[in-house]
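Novice: Below are the C-alpha cells for one structure; questions will follow.
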Amino acid sequence: MCGIVGYAGPKPAAPLLLNGLAKLEYRGYDSAGLALLTGNHHLNIIKKAGKIGNLIAAVKAAKVPASITSGIGHTRWATHGQPTDQNAHPHMDCSGRVAVVHNGIVENYQHLKKQLQDKGHQFRSQTDSEVLAHLIEEQLKKHPWKEAVRRSLAQIQGTYSVVAVYEGEPHTLIGARSGGGALVVGWGKGETLLASDVPALLAHTRRVSYLDDNEMAVVTPTGPSFLNVLTGKPVVKKVSEIEWTAEQAEKGGYPHFMLKEIMEQPRALEDTFTSRLDPRTGSVVLEGKFWDSPFIGKFKKITLLAMGTSYYAALVGKFLLEKYLRIPVDVENASEFRYRNPILGKDTLAIVITQSGETVDTLVALREAKAKGARIATICNVMGSSATREAEGVLITRAGPEIGVASTKAFTTQLGAFWLLTLFLAGKRKTMPVSELKKKAKELSRLPQLMAGLLKQRKSLEKIAHEYAHYFNFLYIGRGIHYPIALEGALKLKEISYIHAEGYPGGEMKHGPIALIDSKMPVVAIAPKSSAVYEKMLNNMEEVKARQGRLIALVEKGDKLAAAKADAVIEIPSVSEDLSPILSVVPLQVLAYEIAKKKGREIDQPRNLAKSVTVE
Ligand code: F6R
C-alpha cells in the first residue's frame, strides 16, 4: 500500500527513483510520481495515474537531466480521492517550492484544510496528504526548513510515513514516521536513501536504520541525522545490516514472483528450521533472551493476533499449541480485537503473526494487548519491522522477501514457526515426552524434501486448473487442522483469479452451504487419510457427489478409496495429521496460480490489493 523512495547523493536521481519504485510495485498502487530538484533548484513534479510505465514515459518525455541528483518518488494506493494524475503524489504547496509524499491517513485533514483555506491556501487535489505541503509552507514563513517540517508534522493526527523536499535546500530530504507505515533510512557511501520498504534499497546499501514512532530523519548525501518530532531533541539510531540480498527480490527467471515464491518453499522452510531444530534430540533453540525468561514456563493463556493468511496460520497454530501444551489459545482477527475489550492480562502471551510486520490492524492489536499487560511475541518475516521492534520475543521466519501480493512462502514458514514454538514450549514446560519431541522433530526435518517432491506435480495441477478455470464459484472444505487450509486455499483463489471461493468446515456444509451445490459448483475437499475425521470427510464428499457437485479431492498418495469419489485428484505424501497442512496448502497455491494464469490475471499485483495493509 503506497510506496516511498527518496534519494540524496551524486547519481542521477530520476532512473534511481524509478527503479526503486519498481521494486515497491508489489505493495499495490494505482498512480505514481516523482519530485525532482532541477539544476536551477526548481521543483519538477511528474506524476501519472496507472502503472509505473506511464510515469517512465512521462519522465522520458520531460528529458530530465542527469545532473539532478536528489528527489523523491511515490506509488499511491488511493484512499482519499480517485486514482488520477492530480491526486497522485508528490503534492505541492501553493508556491510550488515544497513537495511531499505520504503513506497513511491524516485523520484531522478536514479541519487543517479548512484552516489553511481560510488563510488563502489553494488545494489542487482531493487527498488528505496535500495539507502537509501547505502546513510546511505556512511554517516556512517563520522557521527554517527542518523546524518548519517538524512543526507541521506535530499538527498532524493519524498514521503516516512522509518524505518532504524543498527547493530552498535541494539536498536535504526530510522523512518522518508515526503510528503505522514504515520508513527505512539507507546508509550508502556518499549517498543516503529513504524508503518505505527494504527491497527499494537493496541495490544501493544493506546498512539501514528504521524510524520509530514520531521520529524524523534529516537526509543529506553525507548521511542522515535523527530527531524526535514532538520534542525536537536529537535521537541516536542503531544501524542494522539487512540479510536479504538484491537477487532475492528479483524474479530469477520465473514469470511471476508468486510462482518463484511457491517454488522456494522447501528452501524457506529448511532455512526456518536451520540452527533451531535438532531432530536427534528433539530440542529447539529460539534466538533472544525472552524465550529463556521465567515467563515462558509460567504463562497461562495464549492469544494469537493476525490478519488474512497470517490469521489462517494462527488457526493452525492454535491446534498445535492447545494439543501439545494444553493451554487455552484464542485466535483473534486483529482488526476486531481492540473494539471489544478483550480479556487478557499479565499471564497472557500474545503472539502477533505477520509476514510484513507492518500490518496496521495487527500492530494496533499488539499495542492493545501490551496495554492490557500481556507479554508480546511475534512470528514475523521482516527483521527490523515494527512488529519485531515492538515485541519482546521474536521468531523470524526465514522466507526471504515475499514480493507477490498473495502470501505463499510466508504462510508455510509461519506454520513451520508454529511447530518450532510448539516443540520449544513443550520441551520447556515438559508437556511432551522426549521420545515424542524427537519423533516430531524428525518428521518436521523431512518436510522440505517432501515438499520439493510435491512441487514436481505442477503439470497435473495445471491440467486441473485448465479444466476448472471457467467456473464462477468454488467451495473448499476441510475438517480439524485442515479447515484453516480450506480457508487459505479459497483465499488464494479469490485473490488472484477473482473467482468467488469460500472455505468451510466439512461439518458446516449441511447447515447451509450445501444448498449451493449443483453441477456448476466445484468443491475442493481436503481429505488426508491421516486425519482423525477422515471418515467424516468421505461422507461430506459423498454428499457433494450426490448433488452433482464437481469434486476435486486432495488425498494422500495411494488412497484409492477417497480418489475414487473425485472428478479430479491431487495427491500429497503421507505424513502425520498435524504436519500435513504444511504440505496440503502447497498444491492449493499452485492450483490458484494456474487458474489465475489461465484467466490472464495480474498475478503478482491483483486488483485492489496491497501487499502490506498500512491503513485501518
Ligand atoms: C493474502 C495475504 C494477506 C496478508 C494479510 C496480513 O495472500 O497476503 O491476507 O496475509 O494482509 O499481512 P501480514 O502477514 O504482512 O501482516
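Novice: Residues in the range 1-59 that are under 26 Å from the mean Cα position of the chain (by Cα), open to solvent by 10 Å² or more (accessible area, probe 1.4 Å) and small (Gly, Ala, Ser): how many?
Specialist: The total comes to 4.
Novice: Let me ask something else. Of the residues that make up the range 77-86, is at least one open to solvent by less than 10 Å² (accessible area, probe 1.4 Å) and either closer than 25 Å to Asp197 by Cα or not charged (D, E, K, R) (or both)?
Specialist: no
Novice: I'd like the full set of residues that are in contact (Cβ under 8 Å) with a residue 12 or more places away in the chain and out of contact with any helix residue (DSSP H, G or I) (no Cβ under 7 Å at 6 or more places or on another chain), limited to the range 228-250.
Specialist: Taking the range 228-250 first, the residues in contact (Cβ under 8 Å) with a residue 12 or more places away in the chain are 228-230, 232, 235, 237-246, 248-249.
Selection gives Asn228, Leu230, Val235, Lys237, Lys238, Val239, Ser240, Glu241, Glu243, Thr245, Ala246, Gln248.
Novice: How many residues does the range 460-507 hold that are assigned to a helix (DSSP H, G or I) and either within 24 Å of the chain's Cα centre (by Cα) or outside the structural domain of Asn539 (by TED's automatic domain parsing) (or both)?
Specialist: Taking the range 460-507 and keeping what is assigned to a helix (DSSP H, G or I), we get 460-468, 480-497, 506-507.
Still in the list and also either within 24 Å of the chain's Cα centre (by Cα) or outside the structural domain of Asn539 (by TED's automatic domain parsing) (or both): 481-497.
Selection size over the range 460-507: 17.
Novice: Find the residue count for the range 268-292, including only residues that are part of a loop (DSSP other than H, G, I, E, B) and either open to solvent by less than 50 Å² (accessible area, probe 1.4 Å) or within 16 Å of the ligand (Cβ to nearest atom) (or both).
Specialist: Residues meeting the conditions: 5.
Novice: Residue under question is Leu112, and the condition is that it be surrounded by fewer than 24 Cβ atoms within 10 Å (Cβ to Cβ), at negative phi, aliphatic (A, V, I, L, M) and assigned by TED's automatic domain parsing to the domain that holds Ala35; does it hold?
Specialist: Answer is yes for this residue.
Novice: Looking at the range 151-165 only, could you name the residues that are in a helix (DSSP H, G or I) and open to solvent by 10 Å² or more (accessible area, probe 1.4 Å)?
Specialist: Of everything in the range 151-165, just one residue is in a helix (DSSP H, G or I) and open to solvent by 10 Å² or more (accessible area, probe 1.4 Å), namely Arg151.
Novice: Evaluate the range 579-597: report whether one residue or more is in the same structural domain as Ile485 (by TED's automatic domain parsing), more than 16 Å from the ligand (Cβ to nearest atom), over 25 Å from the mean Cα position of the chain (by Cα) and not hydroxyl-bearing (Ser, Thr, Tyr).
Specialist: no
Novice: So which residues in the range 240-267 are open to solvent by 40 Å² or more (accessible area, probe 1.4 Å) and more than 30 Å from Ile496 (Cβ to Cβ), if there are any at all?
Specialist: Hit for the range 240-267 is Glu241, nothing else.
Novice: Restricting attention to the range 517-525, does a residue exist that is farther than 30 Å from Lys439 by Cα and touching a Cys at 6+ places or on another chain (Cβ under 9 Å)?
Specialist: Within the range 517-525, none of the residues are farther than 30 Å from Lys439 by Cα and touching a Cys at 6+ places or on another chain (Cβ under 9 Å).
Novice: Taking Gly480 as meeting all but one of (1) open to solvent by 20 Å² or more (accessible area, probe 1.4 Å); (2) small (Gly, Ala, Ser); (3) over 30 Å from Asp271 (Cβ atoms), write down the number of the exception.
Specialist: Gly480 satisfies every listed condition except (3).
Novice: Looking at Gly384, Gly404, which is the one that is part of a loop (DSSP other than H, G, I, E, B) and in contact with a Ser or Thr (Cβ under 7 Å, 6 or more places away or on another chain)?
Specialist: Gly384
Novice: Could you go through the range 135-147 and let me know if any residue there is touching an Asp or Glu at 6+ places or on another chain (Cβ under 9 Å), assigned by TED's automatic domain parsing to the domain that holds Ser225 and closer than 27 Å to Leu18 by Cβ.
Specialist: Yes, because at least one residue in the range 135-147 is touching an Asp or Glu at 6+ places or on another chain (Cβ under 9 Å), assigned by TED's automatic domain parsing to the domain that holds Ser225 and closer than 27 Å to Leu18 by Cβ.
Novice: Starting from the range 546-561, keep only residues that are in the same structural domain as Val586 (by TED's automatic domain parsing) and part of a strand (DSSP E or B), then list their pairs with residues that are modelled with pLDDT of 95 or more and loosely packed, with under 12 Cβ neighbours inside 10 Å whose Cβ atoms are within a distance under 8 Å, requiring at least 6 positions of separation or different chains.
Specialist: Matching pairs, first to second residue: Arg550/Ser519.
Novice: Looking at Gly373, Gly427, Gly404, which is the one that is of a type outside the set (Asp, Glu) and buried (at least 20 other Cβ atoms within 10 Å of the Cβ)?
Specialist: Going through Gly373, Gly427, Gly404 in turn, the sole match is Gly404.
Novice: Moving on to the next point. If you take the residues in the range 344-368 that are of a type in the set (A, V, I, L, M) and away from the ligand (no atom under 16 Å from the Cβ), which one is modelled with the lowest pLDDT?
Specialist: Only one residue tops the list, namely Leu344.
Novice: Go through the range 309-335 and count every residue that is of a type in the set (Val, Ile, Thr), within 16 Å of the ligand (Cβ to nearest atom) and not in a helix (DSSP H, G or I).
Specialist: 1
Novice: Within the range 177-221, which residues are open to solvent by 10 Å² or more (accessible area, probe 1.4 Å), part of a loop (DSSP other than H, G, I, E, B) and among the hydroxyl-bearing types (Ser, Thr, Tyr)?
Specialist: Answer for the range 177-221, where residues must be open to solvent by 10 Å² or more (accessible area, probe 1.4 Å), part of a loop (DSSP other than H, G, I, E, B) and among the hydroxyl-bearing types (Ser, Thr, Tyr): just Thr205.
Novice: Among the numbered criteria (1) more than 18 Å from Lys51 (Cα to Cα); (2) of a type outside the set (Ser, Thr, Tyr); (3) touching a helix residue (DSSP H, G or I) at 6+ places or on another chain (Cβ under 7 Å); (4) touching a residue at least 40 places away in the same chain (Cβ under 8 Å), which single criterion is violated by Gly73?
Specialist: All conditions are met except number (1).
Novice: Then there's this: Which one of Ala377, Ala426, Ala371 is at pLDDT 95 or above and within 16 Å of the ligand (Cβ to nearest atom)? Walk me through how you get there before you give the answer.
Specialist: Details: Ala426 fails: within 16 Å of the ligand (Cβ to nearest atom); Ala371 fails: within 16 Å of the ligand (Cβ to nearest atom).
From the options Ala377, Ala426, Ala371, the qualifying one is Ala377.
Novice: Could you tell me which numbered condition Asn341 fails, if it satisfies all but one of (1) away from the ligand (no atom under 11 Å from the Cβ); (2) surrounded by 24 or more Cβ atoms within 10 Å (Cβ to Cβ); (3) free of Cβ contacts under 8 Å to residues at least 60 places away in the same chain?
Specialist: Only one criterion in (1) away from the ligand (no atom under 11 Å from the Cβ); (2) surrounded by 24 or more Cβ atoms within 10 Å (Cβ to Cβ); (3) free of Cβ contacts under 8 Å to residues at least 60 places away in the same chain is unmet by Asn341, namely (2).
Novice: While we're on this one: Give Glu602, Glu571 a once-over and let me know the one that is outside any helix (DSSP H, G or I), farther than 16 Å from Glu467 by Cβ, open to solvent by 10 Å² or more (accessible area, probe 1.4 Å) and in contact with a Lys or Arg (Cβ under 6 Å, 6 or more places away or on another chain).
Specialist: None of the other options fit; the residue is Glu571.
Novice: Residue check: is Thr388 more than 9 Å from the ligand (Cβ to nearest atom) and open to solvent by 10 Å² or more (accessible area, probe 1.4 Å)?
Specialist: On the way: more than 9 Å from the ligand (Cβ to nearest atom): yes; open to solvent by 10 Å² or more (accessible area, probe 1.4 Å): yes.
So Thr388 fits the description; yes.
Novice: Filter the range 293-308 down to the residues that are away from the ligand (no atom under 12 Å from the Cβ) and among the aliphatic types (A, V, I, L, M), then identify the one that is farthest from Phe424 (Cα to Cα). Don't jump to the end; show me each part of the working.
Specialist: In the first step, residues of the range 293-308 are kept if they are away from the ligand (no atom under 12 Å from the Cβ); the result is 293-304.
Remaining after also requiring among the aliphatic types (A, V, I, L, M): 296, 302, 304.
Details: Ile296: 10, Ile302: 15, Leu304: 17 Å.
Among them, the one singled out is Leu304.
Novice: Let me spell it out: the conditions are (1) under 19 Å from Lys463 (Cβ atoms); (2) more than 16 Å from the ligand (Cβ to nearest atom), and Gly549 meets all of them except one. Which number is the exception?
Specialist: Going through the list (1) under 19 Å from Lys463 (Cβ atoms); (2) more than 16 Å from the ligand (Cβ to nearest atom), Gly549 breaks only (1).
Novice: Consider the range 313-331. How many of its residues are touching a helix residue (DSSP H, G or I) at 6+ places or on another chain (Cβ under 7 Å) and open to solvent by less than 40 Å² (accessible area, probe 1.4 Å)?
Specialist: 11
The values are calculated or read from the model by the stated rules, or taken from the named source; none is laboratory data. Just so you know, these numbers come straight off a predicted model, no measurement behind them. Here the Cβ is made from the backbone with ideal geometry for all residues, glycine too, and neighbour counts use every protein chain on show. Ligands, DNA and RNA are excluded from the accessible area calculation, which covers all protein heavy atoms including side chains. Shrake-Rupley method; radii C 1.70, N 1.55, O 1.52, S 1.80 Å.
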